[in-house]
Amino acid sequence: MKRTKIIDVLKSTEFGKEVCVKGWVRTHRSSKAVDFIALNDGSTINNVQVVVDPTKFDEQLLKDITTGACICAEGILVESQGAGQSSEIQATNLVVYGLCGNDYPMQKKGQSFEAMRKNAHMRLRTNTFGAVMRIRHNMAMAIHTYFHEHGFYYFHTPLITASDCEGAGNMFQVTTKNLYDLKKDEQGKIIYDDDFFGEQTSLTVSGQLEGELGATALGAIYTFGPTFRAENSNTPRHLAEFWMVEPEVAFIDQEELMDLEEDFIKYCVKWALDNCKDDLAFLNKMIDKTLIERLEGVLKETFVRLPYTEGIKILQEAIKNGKKFEFPCNWGDDLASEHERYLVEEHFKKPVIMTDYPRAFKSFYMKQNEEQGEGSVGYKGAVAPGPTMQGTDVLFPQIGEIIGGSVREESYDKLMSEVERRQMDKTHLWWYLDTRKWGSCPHAGFGLGFERLILFVTGMQNIRDVIPFPRTPKSAEF
């Protein structure tokens, strides 16, 4: 008999019809009169109940159907007599595909997520991680659908690169060289002439620079793929391998970029509310009882657009009134997550787009505001004591920064001046600088950390729990 997915069985009202379902046993309750098997195949958070008359089946077969076992159940679809379910299956035939012994690591109730990470190969079968992964899929679909509907082209940027987009230096090297016999020059530097690419290469931290090339040819593009950072950060917000969404658009300014950021992220949140109702209801009950309310709140609110200089004033005023922060927040400091969350969760109580950051801690490619210097007037009249750049970072409750964006500097002379001021190596940036020499245009873009979006939409607290197999310092087992 052809298999029917459990999600479709639960929607069906064709009572009396014979159906076949296959999946993994969540629970098996036995008695002399009747057995109840809760079966799940991953298509939905909800289980289908298989009702078994134990007098019609082999005793050992029923004993083999334990939590975690994989089975096939054939039977008649009937209206359920129990609460909380509309239908169930009266079993006529049972087949065990895969036994599951008492040492099955996911059968214990109340396990911590930390313990589950040690069994990442099995944790996907739990209700929580099934819900998270289905939402992750839906968010990927939302991203592709949004950009397709808005005239963006999906643009594939390289994972192997010879340039460092962010200037961070924390990159994983890619090499075919014999690490036990490295050739070096007189200064002790490694010679890469005989390496596969003939030069030092790494896994990319961002597809932005190449994405800008696409935008200056196609008008509007987006990248969506894995990126890598060799940063020794063991925190609930960092991964060594993570996915980034990076649109780049020609002919838009700072206001239009902020409009795009807000519209895009609201679209994704609405998609989750519309398409992941059962999974969100489960996570709202089991993980975060304010989850759905918070998601709905994002759709209702207009994001605050706040210059960095004004944000610093608000934070310093909060300190005067008794608020304590672990990190300093003077003009020129890079805001910590605690500062961002204060602005979003306590002061404004809505998402914030922070703009016009000091040049000192922002990337070289960002466009500087026109009026610079001591006492200059920055964006929307906020007085800044130094040069500011047209950044547009979106700050969210529970998360902090979820999007980092900016207008890109289109002037060759200004970009070269900033590269030289920072004493950057231009060797691997010549092609990027060329775009400012030949047919340069105003353009802007942003990067959204996909896992941070999933954190917000699911209510999970650790970024390692929203990606199937997390890569973190000292952890790449699965």
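Side notes on the structure shown:
- Here S202, S206, S233 are screened, and the one residue that is open to solvent by less than 80 Å² (accessible area, probe 1.4 Å), part of a loop (DSSP other than H, G, I, E, B), out of contact with any Pro (no Cβ under 9 Å at 6 or more places or on another chain) and of a type in the set (G, A, S) is S206.
- Filtered residues of region 134-149 (kept if of a type outside the set (D, E) and free of Cβ contacts under 8 Å to residues at least 40 places away in the same chain): H137, H148
- Residue count for region 277-312, restricted to those that are in a helix (DSSP H, G or I), closer than 30 Å to G332 by Cβ and in contact (Cβ under 8 Å) with a residue 40 or more places away in the chain: 4.
- The set of residues from region 129-184 being open to solvent by 20 Å² or more (accessible area, probe 1.4 Å) and in a helix (DSSP H, G or I) comprises M133, R134, R136, H137, N138, A140, M141, H144, T145, H148, E149.
- Filter result (in contact (Cβ under 8 Å) with a residue 40 or more places away in the chain, farther than 16 Å from D8 by Cα and open to solvent by 40 Å² or more (accessible area, probe 1.4 Å)) within region 35-66: T66
- Lone qualifier among G23, G98, G82 - being in contact (Cβ under 8 Å) with a residue 40 or more places away in the chain and either open to solvent by less than 40 Å² (accessible area, probe 1.4 Å) or among the hydrophobic types (A, V, I, L, M, F, W, C) (or both): G23
- Selected residue [touching a residue at least 24 places away in the same chain (Cβ under 8 Å) and either of a type in the set (V, I, T) or more than 27 Å from A360 (Cβ to Cβ) (or both)] from F196, F242, F152, F228: F152
- F15, sole failed condition from (1) under 24 Å from F282 (Cβ atoms); (2) of a type in the set (A, V, I, L, M, F, W, C); (3) open to solvent by 50 Å² or more (accessible area, probe 1.4 Å): (1)
The values are calculated or read from the model by the stated rules, or taken from the named source; none is laboratory data. Here the structure is a predicted model, which means the values were calculated and not measured. Positions of Cβ are generated from backbone atoms using ideal geometry, with glycine treated the same way; all protein chains shown enter the neighbour counts. Side chains are part of the model used for accessible areas, which takes the heavy atoms of the whole protein and leaves out ligands, DNA and RNA. Shrake-Rupley method; radii C 1.70, N 1.55, O 1.52, S 1.80 Å.
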